[in-house]
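J.: Structure below; questions to follow.
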Number of protein chains: 6
Amino acid sequence: MHPLPDHTPSARYERGLDKLREIDGAAGERVIAALADIAPDFATYLVEFPFGDVYSRPGLDLKAREIGVVAALTALGNAAPQLKVHIHGALNVGWSRTEVVEMIMQMAVYAGFPAALNGLFAAKEVFAERDTADLP
Amino acid sequence: MHPLPDHTPSARYERGLDKLREIDGAAGERVIAALADIAPDFATYLVEFPFGDVYSRPGLDLKAREIGVVAALTALGNAAPQLKVHIHGALNVGWSRTEVVEMIMQMAVYAGFPAALNGLFAAKEVFAERDTADLP
Amino acid sequence: MHPLPDHTPSARYERGLDKLREIDGAAGERVIAALADIAPDFATYLVEFPFGDVYSRPGLDLKAREIGVVAALTALGNAAPQLKVHIHGALNVGWSRTEVVEMIMQMAVYAGFPAALNGLFAAKEVFAERDTADLP
Amino acid sequence: MHPLPDHTPSARYERGLDKLREIDGAAGERVIAALADIAPDFATYLVEFPFGDVYSRPGLDLKAREIGVVAALTALGNAAPQLKVHIHGALNVGWSRTEVVEMIMQMAVYAGFPAALNGLFAAKEVFAERDTADLP
Amino acid sequence: MHPLPDHTPSARYERGLDKLREIDGAAGERVIAALADIAPDFATYLVEFPFGDVYSRPGLDLKAREIGVVAALTALGNAAPQLKVHIHGALNVGWSRTEVVEMIMQMAVYAGFPAALNGLFAAKEVFAERDTADLP
Amino acid sequence: MHPLPDHTPSARYERGLDKLREIDGAAGERVIAALADIAPDFATYLVEFPFGDVYSRPGLDLKAREIGVVAALTALGNAAPQLKVHIHGALNVGWSRTEVVEMIMQMAVYAGFPAALNGLFAAKEVFAERDTADLP
C-alpha cells in the first residue's frame, strides 16, 4: 500500500474512535482489525468520516441516528454483516429489542417483506449473541 | 377491476386513515386520490396495512418510525416522490428541518454520496413547499 | 412484544394460511415458525396481507402471480432464501422446471448476468431438494 | 464508433426484430432509433440478444415472459422508461389491463409500496396513451 | 444549522477543491453551490472526503478512478444527475467519447439492458452539452 | 431443456471462450461447468454475448473494462461470487492488488461504506487464494 498523503492522527480520528466504541463496541473494533492487512487506510477513513465527522455532529442525537441506520440497512438488504453490527449499535445506545424489531418490521412497507424477513432473522442472531454475553 | 373478496370498511381502515392524515397530511390524501381510477383496492391496502396495521402499533413511537422511513427512502434512492411525502411526514410529527437534514446526510455513509445528495435536494424542495404554506 | 391492537383471527388470516400452504407448502410454514419467537405479529401480517389479501385476489391467476415473483426476486438479487421458497412455489402451482429456468435466464436481460446466474444456482438447489423428496 | 468485429446481419437479428415489433411495437422501434447516433452497435445487441436469443426461445411462452418483465421492472424501480415499454408489451401480447395492474400491485409485497405505487402510476400513463390510440 | 465540531479549513479541503475542479469542472462547483442553503457542511464533506481523501490517493491513477465511477453509477441506475457529472469527468480526465460509451454498454452485462440504455441516454445529453460548449 | 433455435457453434462462441479464459481463467470455466446440468444454453449465451460480443470489442481496452466491472459489482453489492471472479480477472489482465483495492475503496463514495467493506473482504479472500496458487 502507498502512504496516505499528509494524513496524521487527528482530532477527527480520536473523536471517531470514541464514537465507534460507544456505538458498535467490540463489533466495530473487529471490523477495524479485519481491515489491517488489506486496506489499513480504509480503516482510518471509516473511523474518521462516518464516526469522527458524521456521528459526532450535533443536530440529531445518536439514538435517532442509529435507528435510521437499522432502517436503511434493512431496506437496502445487501449488507447483512453491517446490519448486525448496527442492531448491536441500536441496542447499545438505548433502544429496546422491541423497538428495533418494530423498525425492521416497518421496512416491509418500504422495501418489501423479504427485506424485513432477512432483517428479523439478523436481529434474531444478534439477540442470541447478546443473551450469551448477558447484554440487554 | 374485480370486487375485493370479503373486504368491508373496518377498524383497520378507519385507524389507518386517521394515521395517514396525521403523518402525511394532504400529500397522503393526494396519493389515495391518484389511485382511484387505476387501482382503488391498492389505495385501500395502503391505508390498511402500512397505516392501519404497522404505523398504529405500539412498541415504537411515531416519531422514530418516521425518521427511519426518511433514512430508508434516502438510502434506496428509487422512490423520490415517496421520500418527499415522508420528509413532510417527519416534519409533521415533530422533527426539525435540521434533524431531517442530518439523517439524510448520514445516508452518505451507508448508501453513498449520490443517494444523500438526491435526498438533500428532495428536502430542499419540501422546505420550499412548506415555506410557501407557512409550515415549520 | 406488545399485543397487536384489535387484531383477531379473521377471514383474511384463514384464507391467507390456506393460500400460503397451497403455494409454498412446508417452506412457507417454516418461515412462519421461525418468526414465532422474534416477531410473531409479523408472521400474522405475512399470512394476512400477501397471502390473505394479495394472492387471494381475482383478476390474475395464481400461476401468473407466482412466475412474476420468481422474476422479481431473481432481478432484485438480495433475497436468496425467499427466491428459493418461490421457485418451490412456482413448481407447486404448475410451472415446469424448464419454464422456471427460462424465466430466470431472461432476467439476465433486465438485471444482468450475475443476477441470472445466482438465480439459476438457487434453482439448482431447489431442484435437488425436490429430487430427494420425489417432487416434480 | 468502431466497426463491430465480424458482425453481419443474421438470423438472430431478423428474428429479434420481428419479436421486438411483436412485443413492443412502435415503442421498441423508437428505442432502436434513439440509439442510432450514440451507440448503434448497442441497438444491434438489443435486437439480437434479448429479442433474437432470449424472447425467441421455446420453453416458456411469450405471454409469461412479458408478465415476468413487468414484475421485475416494477420491483427494480430504477427503469421507468423500460417499465412503460413493457406494460405496453404485456398488453400487446394478450394480458388485460386488470391483470397488469394486479401484477404491479403484488410487487408491494416483494419490493415495497413505493415501488408498486410508481409502477401503478406508470401503468396509468400507459393506459392513457393507449386510450388516445384506441388500443386495448 | 449547527456549527461543525472543530472543523477548520484544511489541507484536505484545499486538495479536494483542486481535485473537484480538475475532474468535474463547472458541474462539480454547481453541486457545491446548490448545497449552500440546505446543507453547507455536506458540501464541505463532499470536497474533503471523496475528493480530498479518496481521489487524491496514489495507488490508482485518476483516469482509472473515473471510468470506474462511470461504470458504477451506470450499474446502480439511481443517480442520474451524478452519472452525468462523471461522464463529463471521465471526458475531462482524458477518456474519449467512444471509450465512455463502451464502458456504459458493458454494464448491460452486469446490471441489465435498462441500466445501460439509461446510461447511454445520459451520455447523449452530456455529449450534446459539450458540443454546445465546444468541448471534446 | 429445449434445443436453441438455429444456434450453431460460431465465431462469437470461439472468440468468447478465448476471452473468457484470458480474463477469468479457471474461475470462468467453473461457472460454465456449473451451468451444464441446469441451463447449458445460458452457458452458451454467457460465452457469446458478454465475452464474444462485448469484451471483444475494440474501442476500450480490456484492462479498463475489467476495472470498471470490479467497480460496478462492488457498488451493486448483490453478486459476491461474480465480484470475486472479476477481482481475479482484474489481476489476470494486469492490475496490481493495490490498484484493485483502491477502486473498491472508492466505491464507499458512490455506494456507501458497507458495499466497500464487503468488496474489500472479497478481495482479501481472492488474494489468499492467489497466494496459495502463487499468483500475483
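The values are calculated or read from the model by the stated rules, or taken from the named source; none is laboratory data. Values in this document were obtained by computation on a predicted structure and should not be read as measured data. Cβ placement follows ideal geometry from the backbone for every residue including glycine, while neighbour counts extend to all protein chains displayed. The protein model used for the area step is the full one, side chains on, heavy atoms only, and it has no ligands, DNA or RNA in it. Shrake-Rupley method; radii C 1.70, N 1.55, O 1.52, S 1.80 Å.
J.: Mind giving me the FRET efficiency for E:ALA26 and F:ASP134? R0 is 41 Å, r the Cβ-Cβ distance, nearest 0.05 is fine.
T.: My answer for the efficiency is 0.25.
J.: With the label 7 angstrom out along Cα to Cβ, how close does F:LYS63 come to the same site in each of the other copies, in nm, nearest first?
T.: Its label point is 0.9, 5.5, 5.5, 5.5, 5.7 nm from the equivalent points in the other copies.
J.: On a C-alpha basis, how far is the centre of segment B:13-73 from the centre of segment E:6-52 in Å? Whole number, if you could?
T.: Value for the Cα centre distance between the two parts: 38 Å.
J.: Please compute, for peptide B:42-48, the average count of beta-carbon atoms on other protein chains lying within 10 Å of each residue's beta-carbon.
T.: Details: counts 10, 2, 1, 7, 5, 0, 4.
Whole-number average of other-chain Cβ neighbours for B:42-48 is 4.
J.: Further, regarding this structure: Under the classification rounded if a/c is under 1.5, otherwise prolate if a/b is larger than b/c and oblate if not, where does segment D:92-136 fall, given a ≥ b ≥ c as square roots of the Cα gyration tensor eigenvalues?
T.: Working: a/c = 3.99, a/b = 1.83, b/c = 2.18.
Oblate is the answer for segment D:92-136, as a/c is 1.5 or above yet b/c matches or exceeds a/b.
J.: A:ALA33 to C:ASP18: FRET efficiency via 1/(1 + (r/R0)^6), r the Cβ-Cβ distance, R0 60 Å, to the nearest 0.05?
T.: Values: r = 51 Å, r/R0 = 0.85.
Calculated transfer efficiency: 0.70.
J.: What does the charge add up to near A:ALA123, with Lys and Arg as +1, Asp and Glu as -1, over the other residues with Cβ less than 15 Å from its Cβ?
T.: -4
J.: Stokes-Einstein diffusion coefficient for the protein assembly as shown at 10 °C in a medium of 1.306 mPa s, Rh from the Kirkwood formula over Cα pairs: what value in µm²/s?
T.: Values: Rh = 26.9 Å.
After rounding, the answer is 59 µm²/s.
J.: Assuming a ≥ b ≥ c are the square roots of the Cα gyration tensor eigenvalues, decide whether segment C:10-56 counts as rounded (a/c under 1.5), prolate (otherwise, with a/b larger than b/c) or oblate. Walk me through the numbers before you get to the answer.
T.: Details: a/c = 2.31, a/b = 1.29, b/c = 1.80.
Verdict is oblate for segment C:10-56.
J.: Could you pull the copy-to-copy label distances for B:ALA33, with points set 7 Å along Cα to Cβ, in nm to one decimal and sorted shortest first?
T.: Sorted ascending, the copy-to-copy spacings read 3.7, 3.7, 5.0, 5.9, 6.4 nm.
J.: What ³J(HN,Hα) values, in whole Hz, does the Karplus curve 6.51 cos²θ - 1.76 cosθ + 1.60 give for segment A:116-128 when θ = phi - 60°, with x put for Gly and Pro?
T.: Going residue by residue, I get 5, 4, 5, x, 5, 5, 5, 4, 4, 5, 5, 4, 5 Hz, with x marking Gly and Pro.
J.: Looking at this model, which pairs from A:LYS19/A:LYS84; B:LYS63/B:LYS84; D:LYS19/D:LYS84; A:LYS124/C:LYS124 are more than 21 angstrom apart at the alpha-carbon? Provide the component values of the computation, followed by the final result.
T.: Details: A:LYS19/A:LYS84 18 Å; B:LYS63/B:LYS84 16 Å; D:LYS19/D:LYS84 18 Å; A:LYS124/C:LYS124 28 Å.
Pairs exceeding the cut-off: A:LYS124/C:LYS124.
J.: Using the Cβ atoms and a cut-off under 11 Å, what net charge is assigned to the surroundings of C:GLU22, where Lys and Arg are +1 and Asp and Glu are -1? Don't skip to the answer; put the middle values down first.
T.: Details: positive: C:ARG15, C:LYS19, C:ARG21; negative: C:ASP18, C:ASP24, C:GLU66.
Here the count lands on 0.
J.: Grab the DSSP H runs of chain F that are 4 residues or longer, score each as -39,500 (n - 2.57), total them, divide by all residues and round the 222 nm result to the nearest 500 deg cm²/dmol. Please list the in-between numbers first.
T.: Numbers: 6 runs with 94 residues, N = 136.
Computed ellipticity for chain F at 222 nm equals -23000 deg cm²/dmol.
J.: Let me know the shape class of chain B, please: from the alpha-carbon gyration tensor, a ≥ b ≥ c as square roots of the eigenvalues, rounded when a/c is under 1.5, otherwise prolate if a/b is greater than b/c, or oblate. It would help to have the intermediate numbers written out before the result.
T.: Working: a/c = 1.85, a/b = 1.78, b/c = 1.04.
Judged from the Cα gyration tensor, chain B comes out prolate (a/c at least 1.5, a/b above b/c).
J.: For peptide B:34-41, what's the mean number of Cβ atoms from other chains within 10 Å of each residue's Cβ? Before the final figure, lay out each step's value.
T.: Values: counts 4, 5, 0, 2, 11, 12, 0, 7.
That works out to 5 on average.
J.: Across segment E:93-102, in residue order, what do the Karplus-derived ³J(HN,Hα) couplings come to in whole Hz, using 6.51 cos²θ - 1.76 cosθ + 1.60 with θ = phi - 60° and x for Gly and Pro?
T.: Listing the rounded values in order: 9, x, 6, 7, 4, 4, 5, 5, 4, 4 Hz.
J.: Report the local net charge at D:PHE51: Lys and Arg +1, Asp and Glu -1, summed over other residues whose C-beta lies under 13 Å from its C-beta.
T.: Its environment carries a net charge of -2.
J.: Further question: With a 1.4 Å probe and all protein chains kept in place, how do E:PHE121, F:PHE49 rank by accessible area, largest first? Before the final figure, lay out the partial values.
T.: Numbers: E:PHE121 60, F:PHE49 0 Å².
So, going from the largest accessible area down, we get E:PHE121, F:PHE49.
J.: I would also like to ask the following. Kindly write out, for segment B:46-60 in residue order, the coupling ³J(HN,Hα) from the Karplus curve 6.51 cos²θ - 1.76 cosθ + 1.60 (θ = phi - 60°), rounded to whole Hz, with x marking Gly and Pro.
T.: Karplus values, whole Hz, x for Gly and Pro: 4, 5, 6, 7, x, 8, x, 8, 6, 4, 7, 6, x, x, 8.
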